[in-house]
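All remarks here apply to the structure that follows.
The values are calculated or read from the model by the stated rules, or taken from the named source; none is laboratory data. As the structure is a computational prediction, the values presented were derived from the model and not from experiment. Using ideal geometry, Cβ is built from the backbone for each residue, glycine included, and neighbour counts are taken over all protein chains shown. Note: accessible area is taken over every heavy atom of the protein model, side chains too, but ligands, DNA and RNA are not part of it. Shrake-Rupley method; radii C 1.70, N 1.55, O 1.52, S 1.80 Å.
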Amino acid sequence: MSTGPTDPMAGFDHLIHAPNRLRVCALLDTTGEAEFAVLQKQLGLSPSALSKHAGALIEAGYVEQRKAVRDTRQRVWLRLTPQGNKAYHGHLAALRAIVGQ
Amino acid sequence: METGASAPDRYPLPTSDEARATLAEAARIRTSATALSATPWPTWFATTLTAYVAFFPVAYGGLFADDRWLLPKAAWAAALLSTTAAYLALFALAARSWRQRTGVALRFDVLPKRATVPLAIGMPALLMGPAWAFRATGQAGWLAFGAVAAAAVSVGFHLAFVRLHGKTTA
């Protein structure tokens, strides 16, 4: 198997491939930025599970967070970084290559 | 790929069926997230937008008329500037409230291109074209046409997004 720079399989990302992390990336890629509670609701994840996956993505530099106050409560907004966006789309390209699309 | 994360899980490469299922799940998430991004404006702002686009061709026509038309040109300029400033202020307010209500960023690139591209091209022509036609012909009917057509487009798009949002969240 070739692993040259144009090989889509080079984009396969083990960190993103975890099902819930891929779903987090898919939602952030579409919405641009989303509030933690919206991610939780849309993905059906518990706060601790989402925190764990978001933390891994933040640690990898794929996701960044912003804190904003609304109704006197602090809300966390998450968004993909350019690096995360590239990694996510690279991963999708690898999956499409596996499928043969 | 190196991710920089601390010891990410290593997954065996998925089979073709697994990869297809993963892509389908990503597509499903994208569809439900698009529904959030297609949340229509609140009715008060859709009304404001409609009133603004209906007023614009008339005021612009008055401003660019060869001769004084109904009001002095300075009055048309002041009306155009003040309504635009008020519209922008209300847009900022509506955008903020929209973001808080939906919990996602306000972006237009997830909306169907078959709707946004004609709107981006057609609306400026509809807002400004009648003023130039009025200037050339002296027929105020062009301004009335521009006002009614722009208002109809605004209402039509609002209803289209209400329908799109309802369909994607159903």
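Results, tabulated for the structure shown:
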| item | result |
| --- | --- |
| Answer from B:Gly156, B:Gly146, B:Gly166 - the residue that is small (Gly, Ala, Ser), closer than 30 Å to B:Leu63 by Cα and over 14 Å from the mean Cα position of the chain (by Cα) | B:Gly146 |
| Test: B:Gln139 is part of a helix (DSSP H, G or I), without any contact (Cβ under 8 Å) to a residue 40 or more places away in the chain and open to solvent by 30 Å² or more (accessible area, probe 1.4 Å) | no |
| Identity of the residue in region B:94-121, away from chain A (no Cβ under 13 Å) and modelled with pLDDT under 80, that ends up surrounded by the most Cβ atoms within 10 Å (Cβ to Cβ) | B:Ala115 |
| Of all residues making up region B:142-157, the number that are within 17 Å of B:Phe45 (Cβ to Cβ) and either touching a Leu at 6+ places or on another chain (Cβ under 8 Å) or open to solvent by 40 Å² or more (accessible area, probe 1.4 Å) (or both) | 5 |
| So A:Leu28, is it in contact with a Lys or Arg (Cβ under 7 Å, 6 or more places away or on another chain) and either at the interface with chain B (Cβ under 8 Å from one of its Cβ atoms) or at positive phi (or both) | no |
| Complete set of residues in region A:80-97 that are open to solvent by 80 Å² or more (accessible area, probe 1.4 Å) and away from every other protein chain (no Cβ under 11 Å) | A:Pro82 |
| Any hit, region A:58-79, residues being at the interface with chain B (Cβ under 9 Å from one of its Cβ atoms), within 14 Å of the chain's Cα centre (by Cα), assigned to a helix (DSSP H, G or I) and more than 25 Å from B:Thr15 (Cβ to Cβ) | yes |
